[in-house]
Amino acid sequence: MHRSSCVAGMISLLWIPSVALAASDSKETGGWVAAIVESTLKTDSDHIRQFAFDGDPSTFFASEQNPTTTDSFSLTFDKPVALKSISVATGAPSGENKLDAGELEVSHDGKEFKLLAKFADGAAKAEADGQKVVAIRIRPTEDMKHPLAIQEIRVESTPRVAIFKYPVEFVVDVSDAPEMQEWADKCARICERTYPMINEELPSEGFRPAHLVKMTLKKDYRGVAATGGTRITGAVAWFKRHPDDVGAMVHETVHVVQAYRYGRGGNRNPGWLVEGIADYIRFFKYEPGKAGPVKADKHYDGSYRVTATFLNYVSEKYDKELVRKLNAAMRQGKYSEDHFKASTGKTLQELDDEWRATLKS
């Protein structure tokens with residue numbers, strides 16, 4: 001299990017109604033529109049909300065409790081689309097937990113909804129004739145006697161709405177500091193939204209990222225944040241003093257995606273590079289321009305922002321795929337310094353000398 005501990009200066013479980021980005025990256029590309037998913041229903045186990053819109057009929061959202069007429073499940077687009085048609089299939093693949101009495105609704109402003117179709121035998125389908133829509137909502141019209149499962153939502157529109165390519169749900173535990181609920185909700189939403197970008201930046205063959213992440217805030221944690229597997233722990237004291245430091249949690253989310261294990265022979269990946277890649281994603285992809293200057297007395301293995309700045313320099317000058325290559329090797333436990341020479345023709349020390357010559361004293 002990889003464990004990272006980020007310290008000051010270097011830089012549920014309680015359900016929350018969080019939202020997340022649907023696109024394959026953090027921007028609209030090729031005319032695609034991103035979406036967020038929200039629900040009043042708690043998620044059952046790891047049958048997360050985004051599974052209802054991931055294009056995979058073998059996955060599904062499942063509610064923990066039996067829905068009532070006050071509950072809903074909605075998909076909201078980042079901007080209005082001309083809706084051609086929509087279909088919703090409820091129930092688990094086994095056929096259980098369908099929505100038999102319910103309505104499929106649409107909204108032009110995300111506030112007021114109108115009926116588009118009624119559910120029958122767990123399904124709803126309708127033509128929308130190109131009407132402008134910014135949100136759709138699924139709502140029971142009778143209290144249910146069993147949990148709800150939503151297998152797949154299919155939307156045909158112009159522009160098209162991107163499915164969740166990297167479905168994920170962050171579950172937050174603030175039982176140690178309930179006053180941090182609002183901050184934690186915001187942070188979880190941002191990390192969910194950033195998840196697709198992180199995965200696009202750190203791919204490797206055959207790798208499938210985790211889809212459930214647990215984020216806990218603890219009063220007795222004295223650093224900033226740490227990650228072990230899919231569990232992120234943050235320090236209440238730090239985030240109370242630095243509420244704008246959401247990037248620290250994005251850094252920890254990178255560790256979840258890295259999913260590094262021991263290398264061959266039991267050797268670990270170098271810590272300076274593990275942390276450097278996490279800060280590279282944070283400071284050069286998530287919040288570019290905020291890494292700050294690095295002094296000339298630092299070296300490539302200075303970790304965190306120092307290594308991140310070094311990686312950015314080498315990537316920009318020699319090989320824009322460098323970090324992806326390093327990540328793939330580290331994920332397979334096959335990293336060595338030779339990867340730098342293979343990508344640049346220079347040794348780490350030569351690259352370090354060259355990079356440091358560009359820094360100010």
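The values are calculated or read from the model by the stated rules, or taken from the named source; none is laboratory data. Everything numeric in this text was worked out from a predicted model, so none of it was measured. Note that each Cβ is placed from the backbone with ideal geometry, even for glycine, and that neighbours are counted across all protein chains shown. Please note that ligands, DNA and RNA were not included when accessible areas were found on the heavy atoms of the full protein model with its side chains. Shrake-Rupley method; radii C 1.70, N 1.55, O 1.52, S 1.80 Å.
Looking at (1) hydroxyl-bearing (Ser, Thr, Tyr); (2) outside any strand (DSSP E or B); (3) touching a strand residue (DSSP E or B) at 6+ places or on another chain (Cβ under 9 Å), can you tell me which one Tyr166 breaks?
(3)
Regarding segment 70-81, can at least one residue be identified that is farther than 18 Å from Ile136 by Cβ, at pLDDT 95 or above, under 24 Å from the mean Cα position of the chain (by Cα) and part of a strand (DSSP E or B)?
No, that holds for no residue.
Filter segment 304-336 down to residues that are in a helix (DSSP H, G or I) and either under 17 Å from Gly206 (Cβ atoms) or open to solvent by less than 30 Å² (accessible area, probe 1.4 Å) (or both), then give me how many there are.
19
Would you mention how many residues in segment 133-163 are in a strand (DSSP E or B) and either on the phi > 0 side of the Ramachandran plot or open to solvent by 50 Å² or more (accessible area, probe 1.4 Å) (or both)?
So the answer is 5.
Which residue, of Asp297, Asp301, is within 13 Å of Pro270 (Cβ to Cβ) and either touching a Leu at 6+ places or on another chain (Cβ under 9 Å) or assigned to a loop (DSSP other than H, G, I, E, B) (or both)?
Every option except Asp301 fails the conditions.
Could you please let me know if Gly9 is at pLDDT below 85, open to solvent by 60 Å² or more (accessible area, probe 1.4 Å) and more than 30 Å from Arg305 (Cα to Cα)?
Considered against the rule, which asks whether it is at pLDDT below 85, open to solvent by 60 Å² or more (accessible area, probe 1.4 Å) and more than 30 Å from Arg305 (Cα to Cα), Gly9 comes out as no.
Would you be able to tell me the number of residues in segment 169-213 that are of a type in the set (Ser, Thr, Tyr), in a loop (DSSP other than H, G, I, E, B) and in contact with a helix residue (DSSP H, G or I) (Cβ under 7 Å, 6 or more places away or on another chain)?
Of the residues in segment 169-213, 1 are of a type in the set (Ser, Thr, Tyr), in a loop (DSSP other than H, G, I, E, B) and in contact with a helix residue (DSSP H, G or I) (Cβ under 7 Å, 6 or more places away or on another chain).
Only residues in segment 38-51 that are part of a strand (DSSP E or B) count as the first member; pair them with residues that are open to solvent by 10 Å² or more (accessible area, probe 1.4 Å), Cβ under 6 angstrom, at least 6 apart or cross-chain, and list the lot.
Glu38/Pro17; Glu38/Val19; Glu38/Ser74
Would you mention how many residues in segment 106-142 are more than 20 Å from Asp78 (Cα to Cα) and among the basic types (Lys, Arg)?
3
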